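Structure first, commentary second.
The values are calculated or read from the model by the stated rules, or taken from the named source; none is laboratory data. A quick note: this is a predicted structure, and the numbers were derived from the prediction, not measured. As a convention, Cβ positions derive from the backbone with ideal geometry for all residues, glycine included, and neighbour counts pool all protein chains shown. We work out accessible area using only protein heavy atoms, side chains counted, and drop any ligands, DNA or RNA first. Shrake-Rupley method; radii C 1.70, N 1.55, O 1.52, S 1.80 Å.
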Amino acid sequence: MKKRSSTYGIPFLALAMMLLFALGAHAQVLNKPTPADNPNLAGNSAWTAACASASFNEYFVNFTWSPPLVASNNEFILELSDANGYFSDPVELDRVSDKNTVFDFEFQFALPTDIRGENYKFRVRSTNPAKTSPASDAFSMYFIDYNSPLLISENGNGTIPSGGVIQLCGSGSVTLKPHNIPNASSYRYNWYKSGTLLAEKTESITVSDPGMYYVELDYGSVCSGSANTLSNTIEINTGTSIGIAITGNSSVQVCPGDPLTLSANITGMGYTYTWYKDGTIVGGPTVEGGSFNVNTNTAGFEGEYAVEISGSGVCIEKSSPVAVTSPSGFEVDLQNEENIVLLPAQTKTLSVTTTASSPTYQWYMNGAPVASATNNSLTINAVGTYYVEVTENGGPCTAAPIASATTTVVSPDSFELVIDYVGSYNSCENTDATLSLSKINAVSNNGAKTDVTADLQASYNYQWKLNGADINGETSKTITVSNQNNGSYALYGTISTFNATSNTLDVKLKSSQNLQITANSTVYCEGGDPIVLESSLDLTNETYAWKKDGVTVDSASEAFTVTAPGVYELTINSNDCPIVSNKINIVPFDESLLVLDRPQTVIIIEGETETVTATGANSYEWYDAGNNLISTSNSYDFQEEGEYLLIANFGTCTVSKVITVTFRDMFSIPNVITANGDGINDLWVLPNTYSRDPNVLVTIFNERGEQVFSQAGYENNWPQSTTAFNKQSMIFYYKITRGGKSLKQGTITVIK
């Protein structure tokens with residue numbers, strides 16, 4: 001009977017102790033956090049709402065809790081809810097690990113920049129034991145990331161109406177929207193009408209009622225005013241369309257000099273009138289200005305005329321246009337260039353075309369009629385200013401003559417050629433460049449220049465020069481330079497008895513040669529074999545420089561010996577342009593350069609294979625316990641137990657790693673040990689799946705839930721003394737975790 005009682009007593013006692021441990025943990029109390037004053041600000045009190053910005057974002061929260069004490073590795077975490085007070089995805093604001101014996105302290109935090117809402121709450125969470133405080137009261141919290149006055153306009157088009165007034169006709173409406181805030185749709189807004197807050201919170205509102213409208217960003221009931229985002233005001237007026245029009249036909253034909261008065265169909269009610277010709281104001285605004293006299297004596301009076309009306313109770317409204325034409329209207333078009341250069345003994349022909357039905361012509365030179373010059377063309381051989389007057393001799397109206405555009409004919413004192421790069425050109429970046437004539441200027445004796453490119457460019461004889469010497473075969477107005485033919489280019493030209501010289505353009509082309517440098521190692525070892533950099537190009541008779549971190553360190557050695565880590569490159573001066581090599585990064589030797597994808601202790605199942613791969617080195621050598629070379633690959637497949645040596649070579653430096661391979665223990669975790677000092681079952685020995693792994697944490701608690709042992713990489717060394725056991729039979733609880741995740745847990749019975 002005693003044996004049976006003892007058999008059932010152990011699990012019953014274990015259950016009881018686990019319940020006691022649980023009750024003890026629940027006795028701990030985390031109180032809800034509350035706002036605290038800012039010790040860095042004088043004379044302030046605990047905050048009631050958070051209005052943070054880029055210039056101020058420092059807040060404090062008070063937190064209290066009561067024992068029992070938390071674990072030594074516990075952390076207290078201050079968390080923030082979403083805008084509705086829910087903690088489904090909390091935001092961490094602060095985390096402390098040095099307050100595990102402080103029962104009343106403050107968290108300090110900065111408000112995240114995307115926080116905007118009225119019902120944010122806090123809570124505090126501890127990690128060991130895992131407990132969460134009640135949520136705080138709800139608070140208005142906003143990060144004010146935009147704090148300048150808004151500007152609103154119709155549909156956010158950026159144009160604020162004149163006087164800040166928009167007038168609506170009849171049942172029309174208008175949409176108001178801010179136009180000067182980035183990411184406007186991500187905010188909530190407070191819209192006002194004549195001082196009354198409207199229900200709309202959207203980026204834009206559509207209104208049809210008269211009133212004074214303005215907006216601000218909605219940063220909550222407390223923070224909105226301090227953000228200073230209140231916008232300009234737009235006044236909405238409403239009125240009625242009265243159907244303004246110009247009386248008579250929609251088109252009117254009138255002879256030049258004949259009277260013409262246009263009249264509005266609505267007059268005598270104190271309205272204001274503005275008259276337009278081809279969209280430009282030509283009369284008004286004038287009160288009672290319901291008529292407009294068209295000055296037909298002015299050339300170009302023809303066009304489309306309209307009238308706009310405004311006033312109390314009516315809409316601003318513009319009439320349909322009336323087309324005013326002249327039956328005698330015609331056009332004269334010049335057929336030659338307006339600027340002509342006349343060379344000695346040269347003649348030029350000037351001519352015009354016209355739409356007149358029965359034209360007559362008279363040419364003028366320097367304002368005086370040219371005798372017998374009564375055709376649509378004129379041949380000239382003298383410099384001066386020329387134009388022709390065309391008269392219409394048919395039709396119902398007596399037409400005034402129309403003068404053509406003026407042609408200026410000059411005799412140059414000299415010519416100037418202008419050349420420029422064609423397309424994109426950057427010094428020492430291109431491998432070719434194209435230069436071309438861009439302009440020919442005729443230069444008078446007073447220095448005045450006339451562009452005659454179109455008239456003369458085909459008549460010139462050209463010659464390109466490099467550094468003042470003729471370039472054989474380059475006699476067109478364009479040249480393409482390649483093969484690093486660097487230097488100063490100019491274009492020379494001749495026409496008649498004139499010689500012209502262009503400006504000069506410097507051309508510096510980079511070499512098309514590819515420069516590569518190599519190194520016998522990229523890892524620098526103190527006292528090791530030297531690292532030597534070599535060039536792919538022959539440096540004999542070249543001007544060059546070896547550079548370290550952009551600074552020249554050698555300009556005489558064709559092969560450069562590295563004396564310190566750094567980034568190295570080589571430049572060769574090739575015809576005033578550098579050839580730049582690739583860069584080689586020489587790093588200092590560090591054993592961490594060798595990386596293994598597995599721990600150095602490898603546990604395998606007998607009969608199976610585990611592969612360990614190394615990276616970072618130049619070469620590898622694997623040796624077995626008998627010092628036999630078994631592989632030179634960067635990886636090795638292990639099948640047998642034992643100790644193996646890996647030697648990784650980094651140039652002249654080496655790193656050695658010992659890999660220990662053991663077969664996985666197949667026994668279960670023991671739940672009973674006999675700590676009586678006889679050397680048999682005195683220690684709690686775990687399978688090597690869980691022991692000696694630095695990522696695995698083994699923790700043991702006594703029957704009161706107190707931690708008595710904790711070790712990462714468990715060495716199968718508990719209990720470390722038998723003196724701690726004051727009873728014949730004691731129960732302990734263990735927990736095995738990796739990265740905070742539970743792997744195994746249970747009880748250990750220690751029989752003494």
Scanning region 336-365 residue by residue, those under 24 Å from Leu456 (Cα atoms), assigned to a loop (DSSP other than H, G, I, E, B) and open to solvent by less than 50 Å² (accessible area, probe 1.4 Å) turn out to be Asn336, Leu342, Leu343
Which one is least open to solvent (accessible area, probe 1.4 Å), of the residues in region 649-681 that are outside any strand (DSSP E or B), touching a strand residue (DSSP E or B) at 6+ places or on another chain (Cβ under 7 Å) and in contact (Cβ under 8 Å) with a residue 24 or more places away in the chain?
Ala675
Which of (1) over 23 Å from Val307 (Cβ atoms); (2) open to solvent by less than 20 Å² (accessible area, probe 1.4 Å); (3) of a type in the set (S, T, N, Q) does Ser221 not meet, given it meets every other one?
(2)
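Among the listed residues Thr196, Thr280, Thr229, identify the single one that is in contact with a strand residue (DSSP E or B) (Cβ under 8 Å, 6 or more places away or on another chain) and either farther than 30 Å from Asn295 by Cβ or open to solvent by 60 Å² or more (accessible area, probe 1.4 Å) (or both). Working first, answer last.
Details: Thr196 fails: in contact with a strand residue (DSSP E or B) (Cβ under 8 Å, 6 or more places away or on another chain); Thr280 fails: in contact with a strand residue (DSSP E or B) (Cβ under 8 Å, 6 or more places away or on another chain).
Among Thr196, Thr280, Thr229, only Thr229 is in contact with a strand residue (DSSP E or B) (Cβ under 8 Å, 6 or more places away or on another chain) and either farther than 30 Å from Asn295 by Cβ or open to solvent by 60 Å² or more (accessible area, probe 1.4 Å) (or both).
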Identify the residue in region 558-579 that is hydrophobic (A, V, I, L, M, F, W, C) and surrounded by 14 or more Cβ atoms within 10 Å (Cβ to Cβ) and, among all such residues, is nearest to Leu509 (Cα to Cα).
Cys577
In region 684-704, which residues are assigned to a loop (DSSP other than H, G, I, E, B), open to solvent by less than 70 Å² (accessible area, probe 1.4 Å) and closer than 19 Å to Met666 by Cα?
Trp684, Val685, Leu686, Pro687, Asn688, Thr689, Tyr690, Ser691, Asp693
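Is it the case that region 581-591 has a residue that's under 30 Å from Val661 (Cα atoms) and open to solvent by 80 Å² or more (accessible area, probe 1.4 Å)?
Our first condition is that a residue be under 30 Å from Val661 (Cα atoms); within region 581-591, this holds for 589-591.
Retained after the next criterion (residues that are open to solvent by 80 Å² or more (accessible area, probe 1.4 Å)): 591.
Within region 581-591, one or more residues are under 30 Å from Val661 (Cα atoms) and open to solvent by 80 Å² or more (accessible area, probe 1.4 Å).
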With the condition kept exactly as written, say whether any residue in region 107-115 is part of a loop (DSSP other than H, G, I, E, B), open to solvent by 70 Å² or more (accessible area, probe 1.4 Å) and either more than 24 Å from Thr202 (Cα to Cα) or at pLDDT 95 or above (or both).
no
Residues that are hydroxyl-bearing (Ser, Thr, Tyr) and closer than 30 Å to Lys318 by Cβ: list the strands (runs of 3 or more DSSP E) wholly contained in region 126-244 that include at least 1 such residues.
152-154, 174-178, 205-207, 211-217, 234-239
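Find the residue count for region 245-265, including only residues that are part of a loop (DSSP other than H, G, I, E, B) and either modelled with pLDDT under 90 or open to solvent by 30 Å² or more (accessible area, probe 1.4 Å) (or both). First the steps, then the outcome.
Filtering region 245-265 for residues part of a loop (DSSP other than H, G, I, E, B) gives 245, 247-250, 254-260, 265.
Among the residues that remain, those that are also either modelled with pLDDT under 90 or open to solvent by 30 Å² or more (accessible area, probe 1.4 Å) (or both) are: 245, 247-250, 254-259, 265.
The total comes to 12.
In region 395-404, what residues are open to solvent by 40 Å² or more (accessible area, probe 1.4 Å) and either without any contact (Cβ under 8 Å) to a residue 24 or more places away in the chain or within 18 Å of Phe301 (Cα to Cα) (or both)? Steps first, answer last, please.
Within region 395-404, the subset open to solvent by 40 Å² or more (accessible area, probe 1.4 Å) is 395-396, 398, 400-403.
Hits for region 395-404 are Pro396, Thr398, Ala400, Pro401, Ile402, Ala403.
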Collect the residues in region 180-217 that are under 27 Å from the mean Cα position of the chain (by Cα) and among the hydrophobic types (A, V, I, L, M, F, W, C), keeping them in residue-number order.
Ile181, Ala184, Leu217
Return the residues of region 712-751 that are modelled with pLDDT of 85 or more, surrounded by 13 or more Cβ atoms within 10 Å (Cβ to Cβ) and not in a strand (DSSP E or B); say none if nothing qualifies.
Gly713, Tyr714, Asn716, Trp718, Pro719
Among (1) in contact with a strand residue (DSSP E or B) (Cβ under 6 Å, 6 or more places away or on another chain); (2) more than 21 Å from Asp258 (Cβ to Cβ); (3) open to solvent by 60 Å² or more (accessible area, probe 1.4 Å); (4) free of Cβ contacts under 8 Å to residues at least 24 places away in the same chain, there is one condition Gly289 misses while meeting the rest; what is its number?
(3)
Just the residues that are open to solvent by less than 30 Å² (accessible area, probe 1.4 Å) and assigned to a strand (DSSP E or B), please, taken from region 366-394.
Leu378, Ile380, Gly384, Tyr386, Val388, Val390, Glu392
Could you list all residues from region 486-518 that are β-branched (Val, Ile, Thr), in a loop (DSSP other than H, G, I, E, B) and either surrounded by 17 or more Cβ atoms within 10 Å (Cβ to Cβ) or free of Cβ contacts under 8 Å to residues at least 24 places away in the same chain (or both)?
Thr504
